[in-house]
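Working notes for the structure below.
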Amino acid sequence: MAGSLDDQALERLARRAGEALALAGWRLATAESCTGGWLAKCLTDIPGSSRWFERGYVTYSNDAKEQALGVSGAVLETFGAVSRQTAEQMAAGVLHASGADLAVAVTGIAGPDGGSARKPVGLVWIALARRGGQSHAQEYQFAGDREAVRRASVATALTIVARAAGPADPRA
């Protein structure tokens, strides 16, 4: 993400996402792991968000991902919590559980520990699922400390939601 990711920048991104969702007449659900609810907080900080924000899940543990979102234990065992497959199943699971029109899921390694050569600190998968469609995930590698990785993850997820719900916006 280019530019400063201070709280005002996150608020602008959340407003843009909310405006796009409202114009589309869609409701959003979130599934978060490494961001710990920060994405849902940014969205619900926006006045009127109850028109377009359905619900959010913080599924930090693998058990929570399985129980609340229906992520397959085999997927978690084979690919791990930080993987395309897990992110896609998180997004599909929250979409199914919520009845929302659009869902976004975030899973990653914020650090400072927990990384490996294959999955370094800063690795984040963000998935999007639409009602009647399939989930799609994208891999990101964010730099910085734990807060910087989490902040970049939230900003990226907000941008993805705004783009998915609305027409192309050069500000996004």
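Annotations for the structure displayed:
- In the stretch 24-36, the qualifying residues are those that are outside any loop (DSSP other than H, G, I, E, B) and not charged (D, E, K, R), and the one that is farthest from G99 (Cα to Cα) is A24.
- Residue pairs whose Cβ atoms lie under 6 Å apart, sitting 6 or more positions apart in sequence or on different chains, and linking a residue in the stretch 140-151 that is closer than 17 Å to A105 by Cβ to a partner that is among the aliphatic types (A, V, I, L, M) and in a helix (DSSP H, G or I), are F142/V149; F142/A152.
- Some residue of the stretch 6-29 being surrounded by fewer than 20 Cβ atoms within 10 Å (Cβ to Cβ), under 23 Å from E139 (Cα atoms) and not aliphatic (A, V, I, L, M): yes
- Among the residues of the stretch 37-52, just one is over 10 Å from the mean Cα position of the chain (by Cα), small (G, A, S) and in a loop (DSSP other than H, G, I, E, B), namely G48.
- The stretch 106-133, residues that are touching a residue at least 40 places away in the same chain (Cβ under 8 Å) and either among the aromatic types (F, W, Y) or over 20 Å from L5 (Cβ atoms) (or both): W125, A127, A129
- Consider the stretch 31-49 and keep the residues that are in contact with a helix residue (DSSP H, G or I) (Cβ under 8 Å, 6 or more places away or on another chain) and surrounded by fewer than 16 Cβ atoms within 10 Å (Cβ to Cβ). The one that is nearest to A81 (Cα to Cα) is G36.
- Conditions (1) out of contact with any helix residue (DSSP H, G or I) (no Cβ under 6 Å at 6 or more places or on another chain); (2) more than 19 Å from R55 (Cβ to Cβ); (3) not aromatic (F, W, Y): number failed by R131: (2)
Bear in mind that the values in this text are calculations on the coordinates, not laboratory data. Just so it is clear, the structure is predicted and the values come from calculations on it, not from any experiment. Cβ coordinates were reconstructed from backbone atoms using ideal geometry, including for glycine residues, and neighbour counts include every protein chain displayed.
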